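The structure appears below as structure tokens.
FYI, it's all coordinate maths here, none of it is from the lab. These numbers come from a predicted model, not from an experiment. Methodologically, a virtual Cβ is constructed for each residue, glycine included, from the backbone with ideal geometry; neighbour enumeration extends over all protein chains shown.
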Amino acid sequence: MSASVSALRRWLIFVALLRLLSVYIGFFAYERFQTNLFDKQPSEVTRLYGRTFATWTSVTCVLSLTCAANPRVAGVYGATLFAFAAAFIHFFLELVFFQTISLFNALQTLIPAGISVLWMSAGWNYYTYMANIEVSEDNADSLKHE
């Protein structure tokens, strides 16, 4: 396995673990979203929003972990990339258009989502095509030695 694939896997696991905190907050402490995230318009955050946010975040968490397990599957890779792009767009719009979130709080999500979108977009061909070739060559080499 190449160092690049290992690095992406570690990143996806790290981001998924960070998301677990948001899942917990959404289900059990939605008020924290009012003060620690949507600080410009806290009244917009309801219990329903908290649960919806937690549900969406748990889905993206599982998606990231699934992609980390095998980033070579183009469908899973693409869905994971889309989830990061959707999160980036959502928080960018909340910051710029809806103005429900401060820049500092928006950056907490925009930075990891942005890094993920850039990394996964730039690496699309490598992770979904070239990494498969490397795996095939590794398997062929191991068969020769048996």
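Full extension of the chain between Q41 and A69 yields a length gain of 6.3 nm, computed as 0.36 nm times the residue separation minus the alpha carbon distance.
Cα-based radius of gyration for the chain, normalised by 2.2 N^0.38 Å, reads 1.24.
Computed about the Cα centre, the dipole magnitude for the chain is approximately 380 debye when only Lys and Arg (+1) and Asp and Glu (-1) carry charge, each at its Cβ. Taking the fewest neighbouring Cβ atoms within 10 Å as the starting point, the ordered list for Y30, Y49 is Y49, Y30. Note on C67, C61: ascending count of other Cβ atoms within 10 Å places them as C61, C67, the fewest first. With the charge dipole of the range 9-128 set up from +1 on Lys and Arg Cβ and -1 on Asp and Glu Cβ about the Cα centre, the Cα lying farthest toward the positive end among the listed residues A86, A74, V23 is that of A74.
By the beta-carbon count within 10 Å of each Cβ, the least crowded to most crowded order of T80, T128, fewest first, is T128, T80. Site pair A86 and T55 shows an inter-label distance of 1.3 nm when each label is modelled 7 Å from Cα along Cα→Cβ.
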